[in-house]
Amino acid sequence: MSSVFTMIIEGELPGTFVWKDEQCVAFMSINPISFGHTLVVPRDEIDHWTDVPSILQQHLFDVAGKIAVAQKLAFNTKRVGMVIAGFEVPHTHIHLIPMNTMADMDFSLAANSVDPKDLDSAAQQIKSRFGK
């Protein structure tokens, strides 16, 4: 059975994307810890990040870096935190969380639901900052 992330990547479930290439995608978290919380996900279903081939790891981190720079500019945050936990979905994913203090990285703050318009707004703000 496909992971929920594979279903999003393949268009079987909705996703608000900020990045798509041959190796990975990035989309807005539907349970954001902060406005602009984004997930970077390889297209291949790989459960644990330590099993990701090093060349793909490098690509994921390069993409995460580009998105983090855009998030920082778009949301005027001091930092963009990065977490690879992997308990929620058995498909490697990198959380990129705009933050101003360490308290902003608290997963207990994750929203139970979010208006799709807010996801679209955050995604557009991120995409508008690529290459700036």
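A short reminder: the numbers here are calculations on the coordinates, not readings from a lab. For clarity, every value in this text was computed on a predicted model and none was experimentally measured. When we count neighbours, we look across all protein chains shown, and the Cβ atoms used for this are built from the backbone with ideal geometry, even at glycine.
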Discussion item. For the condition touching a Ser or Thr at 6+ places or on another chain (Cβ under 7 Å), surrounded by 13 or more Cβ atoms within 10 Å (Cβ to Cβ) and farther than 19 Å from Val4 by Cα, what is the one hit in Ile67, Ile46?
Written reply: Ile67
Worksheet item: Mind checking which pairs have a first residue in the range 50-68 that is without any contact (Cβ under 8 Å) to a residue 40 or more places away in the chain and a second that is surrounded by 15 or more Cβ atoms within 10 Å (Cβ to Cβ) and part of a helix (DSSP H, G or I), Cβ under 8 Å, 6 or more apart or different chains?
Response: Gln57/Trp49
Practice prompt. Find the residue count for the range 27-43, including only residues that are farther than 12 Å from Leu60 by Cα, part of a loop (DSSP other than H, G, I, E, B) and touching a strand residue (DSSP E or B) at 6+ places or on another chain (Cβ under 9 Å).
Written response: 7
Discussion item. When the residues of the range 5-43 are narrowed to those that are small (Gly, Ala, Ser) and surrounded by 14 or more Cβ atoms within 10 Å (Cβ to Cβ), which ends up farthest from Leu96 (Cα to Cα)?
Written reply: Gly15
Practice prompt. Being small (Gly, Ala, Ser) and part of a helix (DSSP H, G or I) is the filter; apply it to the range 85-110 and report the residue that is surrounded by the fewest Cβ atoms within 10 Å (Cβ to Cβ).
Written response: Ser108
Worksheet item: Can you spot a residue in the range 15-23 that is out of contact with any helix residue (DSSP H, G or I) (no Cβ under 7 Å at 6 or more places or on another chain), assigned to a loop (DSSP other than H, G, I, E, B), farther than 20 Å from Ser128 by Cβ and in contact (Cβ under 8 Å) with a residue 12 or more places away in the chain?
Response: yes
